[in-house]
Amino acid sequence: MTLAILALVLVSAGLHPFREFFIKSSPTPEGVSLSVNINVGVLSAVHLAVSGVDPLSAIEVWPLALISGLGVMVIFLGILRILRHGDLSIYYPIIRSSPLFVVVVGFFLLGQRYDFTLILGVALVLVGSFLLQYRPGARFFSQPRTLALAILVMCAHGMITLVDAEAMKSVEPMAFLFLEFVFVIPAMTIVLIITRPAGRTVYHHLFIGWVQTPFSFFISGLTSYVSYYLILMAFQMGANVASVSSVRQISIPLSVVLGGLILKEARMSSRLGWSLLLAAGVVLIIFSK
């Protein structure tokens, strides 16, 4: 992994936890989720206009944009449901285990081969990620539907990673994002309206946050767009998919620090200790061939 690609992935990972932070801390998490998607769509359109890239240039890969968009919807809707019915600290390790999905699919279905150093690095990242978020005494099988949903979200993460990397072989990142969110925004809006709680208006369910907490609604979308765009740039530069997916796990210790300092979550010292194991895995990935 080159230093340029590493820098892009690390900055992207540093921005990623803010989306989950704002969703978790918002009284209208569905509204934050929709605002993230709207912001990404609008910002990609602005980026296209400023850069002069043809907004229709990604039409040639529209099936990939559609698949990626469906994956985005699964992730957002899945996280919303997990937050509502389960403890995120239990299921987040599963959700973020997409490097395992990427390596398995890449090896068995795409014919990719990985050296031992990279595989060991991925393993250390996954173990470190799990132990960072694991809560002693947590019972994974007490909510089998939530567990199944977490596995589905993990697979969606991995699928998006593989699809996006393929798309970046032929199109510009902002054009791909624009096309993708042309699909996502209306579909997400319809699903969130249909599934809103009885007696709650569409305005209070999805849009009141633009009035009450406009900063969080905008910043969550801005950081998501920049984070997503930087990852697509890394793929465009030829980054190894499994390496990128694993190095992005560095966002987990960052989320631990964010949770400890702002949300006053417990077990900061032990979690920071396990983050060293994750960091060791990242180092191995960086220096793998």
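Per-structure values
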{"quantity": "Test set (1) surrounded by 20 or more Cβ atoms within 10 Å (Cβ to Cβ); (2) over 19 Å from the mean Cα position of the chain (by Cα) - Ile119 fails condition number", "calculated": "(1)"}
{"quantity": "Any hit, the range 251-259, residues being crowded, with 21+ Cβ neighbours inside 10 Å, modelled with pLDDT of 85 or more and part of a helix (DSSP H, G or I)", "calculated": "no"}
{"quantity": "Pairs, first farther than 19 Å from Val184 by Cβ in the range 40-60, second surrounded by 17 or more Cβ atoms within 10 Å (Cβ to Cβ), C-beta under 6 Å, six or more apart", "calculated": "Val53/Glu172; Val53/Ala175"}
{"quantity": "Residue among Phe76, Phe22 that alone is more than 26 Å from Leu284 (Cα to Cα), surrounded by 21 or more Cβ atoms within 10 Å (Cβ to Cβ), touching a Pro at 6+ places or on another chain (Cβ under 9 Å) and not aliphatic (A, V, I, L, M)", "calculated": "Phe22"}
{"quantity": "Residues satisfying the stated conditions in the range 27-47, i.e. over 18 Å from the mean Cα position of the chain (by Cα) and either among the polar types (S, T, N, Q) or at pLDDT 95 or above (or both)", "calculated": "Thr28, Val42, Ala45, Val46, His47"}
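The values are calculated or read from the model by the stated rules, or taken from the named source; none is laboratory data. These figures come from a predicted structure and were not determined experimentally. All Cβ positions, even for glycine, are placed from backbone atoms using ideal geometry, and neighbour counts span all protein chains on display.
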